[in-house]
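The values are calculated or read from the model by the stated rules, or taken from the named source; none is laboratory data. The structure displayed is predicted, hence computed values, not measured ones. So basically every Cβ, Gly included, is an ideal-geometry build from the backbone, and we count neighbours across all protein chains shown.
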There are 2 protein chains.
Amino acid sequence: MDRILYELCGARREQVFSPFSWRAKMALKHKGLDFEARPHSFLEIPGIAPEAGRTVPILSDGERIVCDSWAIATYLEDTYPDRPSLFGGDGGRAACKLIEGWANAAVSARVAQLIVKDIHDILGPEDQAYFRESREKRFGRPLEEVQAGREERLADLTTALLPLHLMLKSQPFIGGEAPLFGDYILFGTFQWARVASPFRLIDPETPVGMWFERCLDLFDGYARATPAA
Amino acid sequence: MDRILYELCGARREQVFSPFSWRAKMALKHKGLDFEARPHSFLEIPGIAPEAGRTVPILSDGERIVCDSWAIATYLEDTYPDRPSLFGGDGGRAACKLIEGWANAAVSARVAQLIVKDIHDILGPEDQAYFRESREKRFGRPLEEVQAGREERLADLTTALLPLHLMLKSQPFIGGEAPLFGDYILFGTFQWARVASPFRLIDPETPVGMWFERCLDLFDGYARATPAA
């Protein structure tokens, strides 16, 4: 296989949970491009392609190495223009940068504080030590404290998702009638939580939950085949 | 003039502050279409075109009457396809529905609580009575209480704008290198506040503030020509 997507896994190799890697994998599936996904631990990642970057996802496509989910999406769009579009035009590509900002700052940042200890718990021992030290430095307190009281913070996540809730009154996907990269951006956040944590973030009976289920069904249930925690 | 955009004004007719009307007016300017803007008071609006809707903006374009800023934008895009696109393709149009949800739920909802008493104060006496009753019912408390302590809530607005702040690291407009309807959606929110309230929401020296200034400059300073409160 000439096309390899390097991603992150927990102690068990099927626990592939990186939200950014899921964005890239869904983009590859959308383009109909075959690829081999190669899971690595946190500590192995900096050695994969240090000249390209030290975080996943990293795409190796023949001679090209591309790091970062946004760079991968735009690389795929520009390199394979005859395949289904990820953006639906230049306006969609530009708008996705705002959607990426929203997914990262308004949604993923909240989700992280709901599941960070659960993420720690699925890692191997060496990754656990690295993860605890780096994340406790970022949050300024123990992982257990960051995650504590999460039931009370679920309402805040629901409020943060109101933009999607409102949008779903008029269309089934961020891409409109069918999904585009904007959907995969946000999908990555919820798939991250689904794979790494047993804590249920969204009720599957709500419009937002049904949107997530539709994304899990895409490409013959590609993302659903990765087991939930 | 065959094309009329009905909008909302305060006691002084130049105080045209409706955020949704600004979305529609910027869309008309973007399309390069001439129009006459006709400001009305809150109490006059239901009588403009009751068969079309009871809120502004209302566009009368020859024989057609279109109510609602989103409906106006899509009407203009579909009716004048040879003019500059408002969405930059179908992906951009779909993504704008999420951006609209974000602007309304995450940004305008916060801004409303920062300026609602100031809006009241620029209205004529009859509109003031209507506005106070309807908004106090919505918020469940006096307008003065809703607005009180707004200095402390500015940081929350800045956090809500992080998605835009992040996006501006890679492009100057939501539309990419040039503005599209996604910019006008959010612009309407800040122009609403600029016209109705002396309270400064965004520092013009920040990336978000500079984006707003760029929008004020568009179309030969069209929106800037409406005086700030």
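Can you pull out every residue in the stretch A:71-100 that is small (G, A, S) and closer than 15 Å to B:G92 by Cα?
We begin by selecting, within the stretch A:71-100, every residue small (G, A, S); these are A:71, A:73, A:85, A:88-89, A:91-92, A:94-95.
Selection gives A:S85, A:G88, A:G89, A:G91, A:G92, A:A94, A:A95.
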* **Those residues of the stretch A:91-111 which are out of contact with any Gly (no Cβ under 9 Å at 6 or more places or on another chain), in contact (Cβ under 8 Å) with a residue 24 or more places away in the chain and among the hydrophobic types (A, V, I, L, M, F, W, C), in sequence order** => A:W102, A:A106, A:V107, A:V111
* Asked: Which one of these does A:G88 not meet: (1) touching a residue at least 12 places away in the same chain (Cβ under 8 Å); (2) on the phi < 0 side of the Ramachandran plot?
  -> (2)
* Asked: Can you find even one residue in the stretch A:67-88 that is farther than 27 Å from A:H40 by Cβ, among the charged types (D, E, K, R), in contact with a helix residue (DSSP H, G or I) (Cβ under 6 Å, 6 or more places away or on another chain) and at pLDDT 95 or above?
  -> no
* Structure fact -> Among (1) surrounded by 14 or more Cβ atoms within 10 Å (Cβ to Cβ); (2) among the basic types (K, R); (3) over 26 Å from A:L164 (Cβ atoms), A:K97 falls short only on (3)
* Asked: Taking the stretch B:101-110, which residues are more than 7 Å from chain A (Cβ to nearest Cβ) and either crowded, with 24+ Cβ neighbours inside 10 Å or at positive phi (or both)?
  -> B:A103
* Asked: Taking the condition in a strand (DSSP E or B) and either of a type outside the set (A, V, I, L, M) or in contact (Cβ under 8 Å) with a residue 24 or more places away in the chain (or both), does B:E7 pass?
  -> yes
* Since A:R54 meets every condition but one in (1) charged (D, E, K, R); (2) part of a helix (DSSP H, G or I); (3) at pLDDT below 95, which condition does it not meet? -> (2)
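Scan the stretch B:10-39 for residues that are over 18 Å from B:D78 (Cα atoms) and either part of a loop (DSSP other than H, G, I, E, B) or among the acidic types (D, E) (or both) and jot them down.
Taking the stretch B:10-39 as the starting set, the residues that turn out to be over 18 Å from B:D78 (Cα atoms) are B:10-22, B:36-39.
Answer for the stretch B:10-39, where residues must be over 18 Å from B:D78 (Cα atoms) and either part of a loop (DSSP other than H, G, I, E, B) or among the acidic types (D, E) (or both): B:G10, B:A11, B:R12, B:R13, B:E14, B:Q15, B:V16, B:F17, B:S18, B:E36.
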* Scan A:I72, A:I58, A:I99, A:I48 and give me the residue that is touching a Leu at 6+ places or on another chain (Cβ under 7 Å) and assigned by TED's automatic domain parsing to the domain that holds A:S21. => A:I72
* To do: For the stretch A:7-29, indicate whether the set of residues that are crowded, with 17+ Cβ neighbours inside 10 Å, of a type in the set (D, E), outside the structural domain of A:F187 (by TED's automatic domain parsing) and in contact with a helix residue (DSSP H, G or I) (Cβ under 6 Å, 6 or more places away or on another chain) is non-empty.
  => yes
* Asked: Looking at the stretch B:167-187, which of its residues are assigned to a loop (DSSP other than H, G, I, E, B), at the interface with chain A (Cβ under 7 Å from one of its Cβ atoms) and small (G, A, S)?
  -> B:S170, B:G175
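Specify which of the listed residues (B:L164, B:L157) is out of contact with any Ser or Thr (no Cβ under 9 Å at 6 or more places or on another chain), of a type outside the set (S, T, N, Q) and within 11 Å of chain A (Cβ to nearest Cβ).
Residue meeting the stated conditions: B:L164.
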* To do: Answer with yes or no whether A:R138 is assigned to a loop (DSSP other than H, G, I, E, B), in the same structural domain as A:I99 (by TED's automatic domain parsing), more than 16 Å from the chain's Cα centre (by Cα) and surrounded by fewer than 16 Cβ atoms within 10 Å (Cβ to Cβ).
  => no
* Asked: Before we move on, is A:G124 under 25 Å from A:A160 (Cα atoms) and either touching a residue at least 40 places away in the same chain (Cβ under 8 Å) or not assigned by TED's automatic domain parsing to the domain that holds A:P19 (or both)?
  -> no
* The listed residue being outside any helix (DSSP H, G or I) and either surrounded by 20 or more Cβ atoms within 10 Å (Cβ to Cβ) or without any contact (Cβ under 8 Å) to a residue 60 or more places away in the chain (or both), out of A:R153, A:R214, A:R132, A:R200 -> A:R200
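Conditions (1) within 30 Å of B:P142 (Cβ to Cβ); (2) more than 14 Å from chain A (Cβ to nearest Cβ), marked per residue:
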| residue | (1), (2) |
| --- | --- |
| B:R38 | no, yes |
| B:S41 | yes, yes |
| B:I45 | yes, yes |
| B:A49 | no, yes |
| B:L59 | no, yes |
| B:A73 | no, no |
| B:D78 | no, yes |
| B:I99 | no, no |
| B:I119 | yes, yes |
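Does A:S60 meet the test of being among the small types (G, A, S) and in a helix (DSSP H, G or I)? Talk me through it step by step, then tell me what you get.
Numbers: among the small types (G, A, S): yes; in a helix (DSSP H, G or I): no.
The answer is no for A:S60.
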